[in-house]
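Following this message is one structure expressed as structure tokens.
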Amino acid sequence: MRTDLRMSHVFIRDVPTYPRPLFLSDAAINIAPDLAAKKDIVQNAIDCAHALGVLEPRGAILAAVETVHPNMPATVDAAALAEIVALFQDQDETPQRLFVVYTTGSKQVA
């Protein structure tokens, strides 16, 4: 199963009280991913959603706190991923929306 693509896990849950399926990505395979790996993991989740008929998936990059802390790589990476998505939005190359949950509340960046 050798490929140039990163392998990641996507758990899909049907919640009867929610109108769409919920996708939880990579809670199992990539233990301590760097920024490049996180970008691939997000793209894999988006591709999975597309393959299952979700044309405009929404996502959240979650961290333990809502603000960027230099000593917490998860928050720094979330901010960087938000910038990456914003670049795609400016180029109008990506139809999906990404919500980044690391600031006060949720910030829609794409």
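I'd like the residue in the range 13-45 that is β-branched (Val, Ile, Thr) and modelled with pLDDT of 90 or more and, out of all such residues, is farthest from residue 76 (Cα to Cα).
This residue is 17.
Select from the range 30-54 the residues that are part of a loop (DSSP other than H, G, I, E, B), more than 16 Å from residue 12 (Cβ to Cβ) and not acidic (Asp, Glu) and list them in ascending order.
If the condition is that a residue be part of a loop (DSSP other than H, G, I, E, B), more than 16 Å from residue 12 (Cβ to Cβ) and not acidic (Asp, Glu), then 30, 31, 32, 33 are the ones that fit.
Do you know which of the residues in the range 34-84 that are of a type in the set (Val, Ile, Thr) and over 10 Å from the mean Cα position of the chain (by Cα) is surrounded by the most Cβ atoms within 10 Å (Cβ to Cβ)?
75
Another question, if that's okay. Scan the range 55-79 residue by residue and report those that are under 30 Å from residue 19 (Cβ atoms), out of contact with any His (no Cβ under 8 Å at 6 or more places or on another chain) and not in a helix (DSSP H, G or I).
Matches in the range 55-79: 55, 56, 58, 59, 60, 61, 62, 63, 64, 65, 66.
The values are calculated or read from the model by the stated rules, or taken from the named source; none is laboratory data. A quick note: this is a predicted structure, and the numbers were derived from the prediction, not measured. Virtual Cβ from ideal backbone geometry, glycine too; neighbours counted across all protein chains shown.
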